[in-house]
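Read through the structure below, which is laid out as structure tokens, and then see the notes.
No lab work stands behind these numbers, since they all come straight from the coordinates. All of these numbers come straight from a predicted model, not from anything done at the bench. Here Cβ is always computed from backbone atoms with ideal geometry, including for glycine, and neighbour counts include all displayed protein chains.
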Amino acid sequence: MKLKTLLTASALIALPGLALAQEAPSFDEIGPYIMTTLLFCMAGFLVFFMAAGFAMLEGGLVRSKNVTMQMTKNIALFSIAAIMYWLVGFNTMYPGDFNGYFAIGGQTVLDPVGVAAADAALDYASIGSDFFFQLVFVAATASIVSGAVAERIKLWPFLIFVVVLTGIMYPISGSWQWGGGWLSEAGFSDFAGSTVVHSVGGWAALAGVIVLGPRLGKYKDGKINPMPGSNLALATLGTFILWLGWFGFNGGSQLAMGTVGDVSDVSRIFANTNMAAAAGAVTALILTQVLYSKPDLTMVLNGALAGLVSITAEPLAPTLFGALWIGAVGGVIVVFTVPLLDKLKIDDVVGAIPVHLFAGIWGTIAVIFYGEASIVTQLTGIVAYGVFTFLGSLILWFILKAVMGIRVSEEDEMTGLDMAELGMEAYPEFSKG
Amino acid sequence: MKLKTLLTASALIALPGLALAQEAPSFDEIGPYIMTTLLFCMAGFLVFFMAAGFAMLEGGLVRSKNVTMQMTKNIALFSIAAIMYWLVGFNTMYPGDFNGYFAIGGQTVLDPVGVAAADAALDYASIGSDFFFQLVFVAATASIVSGAVAERIKLWPFLIFVVVLTGIMYPISGSWQWGGGWLSEAGFSDFAGSTVVHSVGGWAALAGVIVLGPRLGKYKDGKINPMPGSNLALATLGTFILWLGWFGFNGGSQLAMGTVGDVSDVSRIFANTNMAAAAGAVTALILTQVLYSKPDLTMVLNGALAGLVSITAEPLAPTLFGALWIGAVGGVIVVFTVPLLDKLKIDDVVGAIPVHLFAGIWGTIAVIFYGEASIVTQLTGIVAYGVFTFLGSLILWFILKAVMGIRVSEEDEMTGLDMAELGMEAYPEFSKG
Amino acid sequence: MKLKTLLTASALIALPGLALAQEAPSFDEIGPYIMTTLLFCMAGFLVFFMAAGFAMLEGGLVRSKNVTMQMTKNIALFSIAAIMYWLVGFNTMYPGDFNGYFAIGGQTVLDPVGVAAADAALDYASIGSDFFFQLVFVAATASIVSGAVAERIKLWPFLIFVVVLTGIMYPISGSWQWGGGWLSEAGFSDFAGSTVVHSVGGWAALAGVIVLGPRLGKYKDGKINPMPGSNLALATLGTFILWLGWFGFNGGSQLAMGTVGDVSDVSRIFANTNMAAAAGAVTALILTQVLYSKPDLTMVLNGALAGLVSITAEPLAPTLFGALWIGAVGGVIVVFTVPLLDKLKIDDVVGAIPVHLFAGIWGTIAVIFYGEASIVTQLTGIVAYGVFTFLGSLILWFILKAVMGIRVSEEDEMTGLDMAELGMEAYPEFSKG
């Protein structure tokens, strides 16, 4: 159905949506519902696009022999998350409208088509918009894991992990805070998910890389062998896309746009989010210049991302200066913890653990400087999510390892996952130097 | 003109737009117009970005010697579509405000600058927003053709085909449905264009590849020679961009956002569109694992796209489960028809015909399960668009072949179109393996 | 804080934003504020994404040995711009609320969290949204310089230049027009910044390339040696991203979306912006075919961008035909001035000066055909910005050259900046042909 059809009188009657216009309620009544639903749709498509950002970032930071696999994992994990979150996740995470703790088979049901103003929860937004917005968040959690365990994990065990993470683990722990659960009641504060999303992804990733072990030859004869990413232009694009998506991630988490206060807050969040990313990037730039005499692009990219993760727990309350120093600390964290992990022989291919776990913890703590949360409550939340997700993931990775194996053979790892597991190179024509 | 200028009293008087604020009509009256115009702008820029998605998808799936050509074709076809749709297309497709059947020289005219509420069609949206939204749709149709005929077509005959397709053929057949024409009156249902846009692109592509013939060496000695894409990271990026754009494609086709019912429907469409894409991708992933023992990334990408095309004819009415199975069937179609075309020696470089034509037909039929359309009407529409577009395209391709030739010489095809036709390589420094 | 939490009564009271809903003022009063704030947020994220567009365009047009540097420069310059514009830029540019001419240390302060309708400037929009929107503009100016001086400039002098450009020079000259300064009072017209943003970037770039000198071997023995870009797929992607961002750039510069007139104008700007880009691309396509017998993709990309720059000074008033011919002239300018610069041995790596300076001047002049500005006033503005920015930049580049040197050594330039300055290749595995 398109424009001119609508302009004919007969069509007007036939269309449920427009028929409402006849008896349209006042915008004072419906305006906030419309604006907030729009916020979720808009923020949702921005966060959706982060799936592309993660894919490009990770695809750029792995070696070219593993790029097809990284692409496959990223599009598959997003798709699986979308299905699992509908099947059980959303209703498990937001149990308010249901009465069970865990929603087995409780598939999400959207608003009816052409819902009338009289039938809608006018103090809020459409279920469809909220579901879509929450769904793209859970996919981000899974994307975080994907990067850390790259270049040696088998496809299917990884995807089974994603099924459990997005359908069960994330929704359960998410409900503690965003489902009105015990942490929410205890006063834990995590506006857009430094802990609920990013640390959770980071903990799951940490468990994964520990169980998997480092890539062949990464730590050999006491030396750390750099394995440079194959395409830094792609990694930079991925970072910019993630930065873009973060406006939706944090801005949409205001969860309302229908009042002067709410829309102003959304814009304040945009400004703060941007500032934290910028501060993280500049900090990493300067620090790597000072420490290594050469700025390190991958650190700058991860510095920007760490700034973003750092501000995610409280992107609203800080001043712009607050966002700046919170983001800058994120940049510092990345520069110092990336080599630290290497010293511990924890092989995180893309730096996902420093960026999402360490900066996520920092961001959750930083809330105390601008919000009303206490350090005890914040630490309680951090530990609770850590214990639950890390232990749960560890158990799951071990089960997967025992049942089907999670790591490719040495030979396949040398060959590269693209040819060994998928039989398809990402750049078949570019000869390798 | 920027902020602070506006805040001075003198500037306020000077600016037509703000002067209206003095005598501002009630939001009850103007709210729907504003929201729907915004929907078209927002959905429009998302669909615009699909031009980049098609370019990246196609650029990633052709061999590196033809990438510059593919880029040139994609930016040129979008630009030509923009001009032709203004010159004749829009007014041909939506003849309501005009009285001719075909609008020769009937250039689109936008609303006057600073149009007053009193002068606007307040039950709808601005012409500018609608024109922009419709324009980006027609460009998508042309992009579909571009991928199928890649790697052996000459630039200029292709662009002349685009001129006719976007200026004449698409607008005429589009008017049957979206211009309030005979198919619309017959009850044919195609919400966002599984048939009107995607099948039409697919039929035009099918005619093109038949007239062109397969690439040299593609089908040789009874064997199908795979010609792998040169950059699967780029192809994946393109798929994600298309997926993003589809929220605008389907969501914007609600054509209204100013009531509770409409904005809720838009969000429902977002959720369904996402689900269909996810289901298409997962289906292709599993099927290729089962059939070939190795998941095939290009099939997964095309599976997601086929899921999107499948839900496009009715993204609103289905439940999320409906979107899932409709999209999943799209994934099945792609996995089975891509090799089928190869058996028929129909050489579609990027899988455009399975994705846009076959899944488009499927999506149009699937409407009967959730909408009010009858199978007879749906088949009538499918056949009508097929006959008109396929025959029209066939004739046009034959004329172009007779008049100027549409295929490069064998030597040029071996060399690659980039050096032969354009004298410029896409990746001049990366030596070919 | 997420959905279900909000729906509990206790949470409703606790949240400042939603508490307002109790005493919600009429949408007639708050609607325009909400819509305009939303416009700035939406347009702002689109313009933000132009940073990625510039990075990809420039990364695709330099040789592969300089891609890491180009990425580093682009993410760093955006980040520096974000910090400098907060620290001094915004308050220098819009001095209305302050009383000094230059705002040393006058950091931008956002609206309080949960600002009440009673406390907001309801005739406009939130400071946060406006700040964010203006900030992404200044970053664009710096990006323009980055491309022109590529492949031989040292990182740190470039970044120091960016500090001064974004913190001091751009805000001072910007205030002449958008801060309600003398050019604004004189009647100079530059809607979205053909001169204020694009020419300014172009002048700064011109000064830079003159002081730097051409790349080694570019002009040798009286011949112009082409140095083809390493990745035209990336350059095309960058162009599409810039085109996308331009809808925000020009559309957002309407600076209001809360009336029928304003939202219609925004949509009119979208349509015109798109048309100008299309016309620029098609013109460059046809002209390069006619002049060189082969269409030139890089010219087509720059043609589209020149069309966009050309329409930026007045994207609202022209008809679609007006946008077409204004954009087409932009395409002509690019095709003829790119070789002209080479003849003058001015080595602009990506064509930034033709696109942003020459087409920017053209666009500023073209205002006289559709707006009320006189040619004298327009030329006054063009010259004023030119003299100030070119001389200021020239002095700054010379100081930087004297103090720390701005150009890498010949050996480093041959090696490539990536290894020489950063020790990191963008494509370490792809062997060079």
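Miscellaneous remarks
- Sorting the segments B:110-119, C:359-368 by their residues' average number of neighbouring beta-carbon atoms within 10 angstrom, most packed first, yields C:359-368, B:110-119.
- Calculated [222 nm] ellipticity per residue, helices only, for chain B: -20500 deg cm²/dmol; basis is -39500 (n - 2.57) per DSSP H run with n ≥ 4, divided by all residues, nearest 500.
- Cross-link reach list, aspartates and glutamates versus A:Lys343, counting only Cα pairs under 15 Å and skipping chain neighbours closer than eight places: A:Asp221
- Alpha carbon centroid spacing (whole Å) that separates the range B:391-430 from the range A:229-276: 43 Å
- When the Cα positions of A:Val309, A:Ala323, A:Leu400 are compared along the charge dipole of chain A, A:Leu400 comes out farthest toward the positive end, with charges on each C-beta of Lys, Arg, Asp and Glu.
- Distances from A:Gly423 to itself in the other copies, using label points 7 Å out along the Cα-Cβ axis, amount to 4.3, 4.4 nm in increasing order.
- Residues whose amide H lies under 5 Å from that of C:Asp296, counting only those 5 or more places away or on a different chain, are C:Thr288, C:Gln289; hydrogens are built 1.01 Å from N in the peptide plane.
- Label-point spacing for C:Gly217 across the identical copies (point 7 Å from Cα in the Cβ direction), in nm and ascending order: 3.1, 3.1.
- Classified by the C-alpha gyration tensor, the protein assembly as shown has a rounded form. Its axis ratio a/c, with a ≥ b ≥ c, is below 1.5.
- Here the peptides B:198-204, A:80-86 are ranked by packing, the mean other Cβ count within 10 Å, and the order with the highest first is B:198-204, A:80-86.
- Rounded to whole numbers, the Karplus 3J(HN,Hα) couplings from phi for the range A:117-123 are 3, 5, 9, 8, 6, 5, 7 Hz, using 6.51 cos²θ - 1.76 cosθ + 1.60 with θ = phi - 60°, and x at Gly and Pro.
- Taking a ≥ b ≥ c as the square roots of the eigenvalues of the Cα gyration tensor, an a/c ratio of 1.5 or more together with a/b no larger than b/c marks the range C:272-361 as oblate.
- The alpha carbon gyration tensor of the range A:284-433 gives principal lengths a ≥ b ≥ c with a/c of 1.5 or higher and a/b no greater than b/c, which makes the shape oblate.
- Taking a straight Cα-Cα cut-off under 15 Å and skipping sequence neighbours fewer than 8 places away in the same chain, the aspartates and glutamates within cross-link reach of C:Lys432 are A:Glu429, B:Glu425, B:Glu429, C:Asp418.
- For the range C:406-422, 3J(HN,Hα) per residue [Karplus equation, 6.51 cos²θ - 1.76 cosθ + 1.60, θ = phi - 60°, Hz, x = Gly/Pro]: 10, 10, 5, 5, 4, 5, 5, 5, 5, 4, x, 5, 4, 6, 6, 9, 10
- Cβ-vector label at 7 Å, B:Gly405, separations to other copies in nm: 5.5, 5.5
- Applying a length cut-off of 27 Å (Cα extent along the axis) and a mean Kyte-Doolittle floor of 0.5 to the DSSP H helices of chain A leaves A:27-61, A:127-148, A:232-251, A:260-292, A:320-343, A:375-403.
- For C:Arg407, residues with placed amide H under 5 Å, excluding near neighbours: C:Lys154
- Listed by chain and number, the lysines placed with their C-alpha closer than 26 angstrom to that of B:Lys345 are B:Lys65, B:Lys73, B:Lys154, B:Lys218, B:Lys220, B:Lys223, B:Lys294, B:Lys401; residues fewer than eight positions away on the same chain are left out.
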